[in-house]
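The values are calculated or read from the model by the stated rules, or taken from the named source; none is laboratory data. Model, not experiment: these values are computed from the prediction. With ideal geometry, Cβ positions are generated from the backbone for all residues, glycine too; neighbour counts draw on all protein chains shown.
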Amino acid sequence: MEVLFAIIPNESLVEPILEEFAASGIRGATIFETAGMGQIIYDTIPLLARLRETSGTETTHNRTIMSLIDESQRDAAIRAIEGYCGDMTQPNSGLIFTVPVNFVRGSKKKLDPDA
C-alpha cells in the first residue's frame, strides 16, 4: 500500500478526478485546501501583496488529494489526474507523489450496504 498525494492547482478539477478514481476502484480520498510557499509569501509580504493587487493576479488555493491506494492502482490514479490537469511535468500543473505505507489501522466505510 501507499498513500498518493496530488496537489491540484484548480479546485474545479477535483470532483471529476474523484469520479475517475471511483470508476477505477479507488474508493477513498481526503481533500485539503492548501497553499504553496509562493502564495503565502505574496500574501504576507506587503510589497509583494501590493504588486499582486496592481497586477490583477488573484491568490489561488490548491486542493490536495490524499488517498490510500494499492500500488496496482497508481497508474490509474495518475491517468485520472493528468487527464484533467494535463502533463504534471509542466510548470504550474500540480504535483503527484506517493509514500510507502507500512501500517494502517482503521475502518473503511462501505459504499454498498449489501457488500
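Could you run through region 64-95 and say how many residues are in contact with a strand residue (DSSP E or B) (Cβ under 7 Å, 6 or more places away or on another chain) and assigned to a helix (DSSP H, G or I)?
Total satisfying the criteria: 6.
If I ask for residues that are part of a loop (DSSP other than H, G, I, E, B) and within 21 Å of G36 (Cβ to Cβ), which ones from region 1-21 would you list?
P9, N10, listed by residue number.
Among what's in region 22-40 and is surrounded by 12 or more Cβ atoms within 10 Å (Cβ to Cβ) and part of a helix (DSSP H, G or I), pick the residue that is modelled with the lowest pLDDT.
Q39
For I65, indicate whether it is crowded, with 16+ Cβ neighbours inside 10 Å, at pLDDT 80 or above and under 20 Å from S24 (Cα atoms).
yes
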